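Nothing in this text is a laboratory measurement; each read-out follows from the coordinates by a stated rule. All values reported here derive from a predicted model rather than from experimental measurement. As a convention, Cβ positions derive from the backbone with ideal geometry for all residues, glycine included, and neighbour counts pool all protein chains shown.
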Amino acid sequence: MPEEVPSAGSETPGWQYAVASGILGWVLDAFDFFVVIFLVDTLAANFHVEKREIVWTISIALAMRPVGALIFGSLADRFGRRLPLIACVLYFSAATLLSAFAPNYATFVVLRALYGIGMGGYWGVGASLAVESAPIRRRGLISGLMQSGYPIGYLLAAVAMETVLPHLGWQAMFCVGFAIAILTSLLALRAPESIAWQQHHQRSISRMFRVLWENRTGFAYLLLVMTVMSCLSHGTQDLYPDFLKSAHGFTRSTVSRIAILYNICAIASSTFFGQLSESLGRRHTIVLALGVAALALYPWAFGVLPATLMIGACLMQTGVQGTFGIIPAHLNELAPNAVRSLFPGFVYQLGVLIASPAVSIQYALQKRLGYPWALTLFEGVVIGSLILIFSLGPERKGRDFHAADRSA
């Protein structure tokens, strides 16, 4: 019997399972990524390489994400959201688990590249499943909750540094997440398949890529958005623990505590700004959140006292993740119906690829300018660029995913 087409305000029964699996998988994705961020020194010593070699594996993982977005996004638009989501989360969790037992640096590099494929594949599938399943009136909130999974993963990695690492060692940091992958898979099995996907999916991979080409102008704009957004996110997070240790001599424990605090702020702001975008609109709310990040630049980079740096870091991540909290809804609303996993996921991860040298560029800049100026100049340009990009861009807040696409 054919699916009944829901009305714009109706709820998909069991949508909570879809949202929960989307969020939880993104939490695990981020946790597995930030484990390496916190273990740069430890991994360098274990594999007998310099720190920059471990930093390079971060860029490798980021650079492989578009491959995953293409593979798993295409599968999700062809066969449905749930099974590709399960395959993706089990795949990248297995790659992370194996990283704990890498016998040498070369093997570790290969495993982190393989992990990057899964990391890149997950967001588009998880976001489309969550946002398509959620009621329209809750889309901004669900968007914020979905994206809050990233700072939650960061937060849990910081907590694990204080709990798992001292008692079980660094290898355990790569193992503890696999149980979450199983839980995510079970939740996805309980979730309903997206009705919007059932209405609009294409049976031909070539047709999907034709749809991408037909929407190339929108794709190019969103690619610019996500390239600069990736510089905002990774430029404010990835090297900040090393900045606190190298420039200020903070202990690992102090760095972990500061990271815990600013990630609590990030989690709250992602949800808050996501919900706020339902009344202010997506673009206006994003610009407001970017303003908070701009105000945070000085204490975040030039603070001397631990309290000042902590306040600056909390304000910075409030602005950064407040901006990102709107992205799942914004990208899905601007995406064509037939490729709602492939289009947002690929544009997101291709932007990450283009921006992947950002961490290495920042690390090189700090050698010449010092950490405070390197961080401030890089992120000041990024924030100013994003305010301009979003101010001039399109918006389709409240779009009905069950309705036909607008004609070109």
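The peptide list 384-393, 23-32, 306-315, put in order of mean Cβ contacts within 10 Å with the highest first, becomes 23-32, 306-315, 384-393.
If R0 is taken as 30 Å, the Cβ-Cβ distance between residue 182 and residue 205 corresponds to a FRET efficiency of 0.50. D for the chain, whole µm²/s, Stokes-Einstein with Kirkwood Rh over alpha-carbon pairs at 25 °C and 0.890 mPa s: what number? Roughly 117 µm²/s, to the nearest whole number. Kindly express, to the nearest 10 degrees and within the range 0 to 90, the angle between helix 252-280's C-alpha long axis and the longest C-alpha principal axis of the chain. Helix 252-280 sits at roughly 30 degrees to that axis. Of the peptides 152-163, 82-93, the ranking by mean beta-carbon count within 10 Å, highest at the top, reads 82-93, 152-163. If you run the Gaussian network model on the chain, springs between alpha carbon atoms under 10 Å, then out of 204, 74, 59 the most flexible one is 204. You can think of it this way: the chain between residue 246 and residue 264 has 4.1 nm of extra reach, that is 0.36 nm per residue less the Cα-Cα gap. Electrostatic bookkeeping for residue 325 treats Lys and Arg as +1 and Asp and Glu as -1; over the other residues with beta carbon under 13 Å from its beta carbon, the sum is +1.
Restriction of the trypsin sites (Lys or Arg not before Pro) in the stretch 258-353 to DSSP coil positions whose beta-carbon has at most 16 other beta-carbons within 10 angstrom yields no sites.
Here the Karplus curve 6.51 cos²θ - 1.76 cosθ + 1.60, taken at θ = phi - 60°, turns the phi angles of the stretch 309-314 into couplings of 4, 5, 5, x, 5, 5 Hz, with x standing for Gly and Pro. Computed from Cα atoms, the angle from the helix 178-190 axis to the main principal axis of the chain rounds to 10 degrees. The modelled label-to-label distance between residue 113 and residue 167, using points 7 Å beyond Cα along the C-beta direction, is 3.7 nm.
What you get for the chain, charging only the Cβ of Lys and Arg (+1) and of Asp and Glu (-1), is a dipole of about 380 debye around the Cα centre.
Phi angles of the stretch 299-304 translate, via the Karplus equation with coefficients 6.51, -1.76, 1.60 and θ = phi - 60°, into HN-Hα couplings of x, 5, 9, 10, x, 9 Hz per residue; Gly and Pro are given as x. Is the shape of the stretch 177-240 rounded, prolate or oblate, going by the alpha carbon gyration tensor and its root eigenvalues a ≥ b ≥ c, with a/c under 1.5 for rounded and a/b larger than b/c for prolate? The shape class here is oblate. Taking the chain as a Gaussian network of alpha-carbon nodes connected by springs under 10 Å, the highest mean-square fluctuation of the residues 356, 206, 194 belongs to 206.
Of 284, 167, the sequence from fewest to most neighbouring Cβ atoms within 10 angstrom is 167, 284. Taking a sphere under 14 Å around the Cβ of residue 49 and counting the other residues whose Cβ falls inside, with K and R at +1 and D and E at -1, yields a net charge of 0. The stretch 204-225 and the stretch 125-203 have their alpha-carbon centroids 26 Å apart. If you look at the Cα atoms of the stretch 108-166, you get an Rg and a Dmax of 15.1, 45 Å. For the chain, the longest principal axis of the alpha carbon atoms and the long axis of helix 65-79 meet at an angle near 20°.
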